[in-house]
1. Given H placed on each backbone N at 1.01 Å, which residues far from residue 197 in sequence or on other chains put an amide H within less than 5 Å of it?
2. When a footprinting reagent is the concern and you count Cβ atoms within 10 Å, what order do 50, 160 take, fewest first?
3. Residues in region 121-135 near a label at residue 168, defined as backbone nitrogen under 15 Å from the 7 Å Cα→Cβ point?
4. For the chain, set up a GNM with springs between Cα atoms under 10 Å and report which of 12, 128, 71 has the largest fluctuation.
5. Non-local amide H neighbours of residue 147 (under 5 Å, H modeled in plane, Pro and chain starts lacking H): which ones?
6. I'd like the projected area of the chain, averaged over all directions, using the convex hull of its alpha carbons. Report it in nm² with one decimal.
7. Quick check: pseudo-label points 7 Å beyond the Cα along Cα→Cβ at residue 130 and residue 94, how many nm apart are they?
8. Please give the Cα centre distance for region 27-105 versus region 188-213, rounded to the nearest Å.
Amino acid sequence: MIVSPSVLALDYSNMETQVNELNESGAEWLHFDVMDGHFVPNLTFGPDILKAFCKMSPLVKDVHLMVSDPYFFSDVFAKAGADIITFHAEAERDYLKTVELARHIHALGCKAGISIKPLSDIEMLRPYLREFDVFLIMSVEPGFGGQPFLPASASRISTLRRWLDNSHPEALVEVDGGINRDTAKICLDAGADVLVAGSYVFKKNIRESVQSLCALAQ
């Protein structure tokens, strides 16, 4: 099981210390939420911030594009150092264009991910099972941190994991939103491989919080 702390919740007045703690916490990925103020009602990080994290941390840079133009932003963040680039199925509903973008991300040297919002039909992901490396289930409405986990997410995770086991078992199921020790167990039992945690990690002791999630898979 992979823990991907969301730097949306990081204390930027204490950035160096907290990133050093992350590096030693046992987390494998670092989750970087990009919001354009249009696809979701919030505005977050640009590529220069990602470049700074690349200099400070060896963790896998897990970039989640919550933007209306994922094709443009995929180039921007690949150049800035992303290892994984995930975009939303709702942002590009055309099948051929979605597949084209997945292959474009691969050509940029990154793994490709696709995500859906909580109210979107899980069937949106079924046509793309063989095209993506990561499938991100949002367990809160994207845009802001600190929201509670939506219980209906568990069945969506298990459905997606079942589909992937039958067609692309190497693909990872990632879950983002309201993750704490209790909800993490729900997600793991449902078949999740990667857990994104923000407030749970950064509002407490970073290493202890990450280790409490890692321990669930042991």
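1. Long-range HN contacts for residue 197: 4, 6.
2. Values: 50 21, 160 24.
In increasing order of surrounding Cβ atoms, one gets 50, 160.
3. Residues passing the 15 Å test: 123-135.
4. It is 12.
5. 178
6. Values: hull surface 42.3 nm².
Mean orientational projected area (the chain, Cα hull): 10.6 nm².
7. The two pseudo-label positions are separated by 2.3 nm.
8. That distance is 21 Å.
Rule-based calculations on the coordinates, nothing more; no lab input. It should be emphasised that the depicted structure is a prediction, and the values quoted were computed from it without experimental measurement. Glycine gets a Cβ as well: all are built from the backbone with ideal geometry, and neighbour counts include every protein chain shown.
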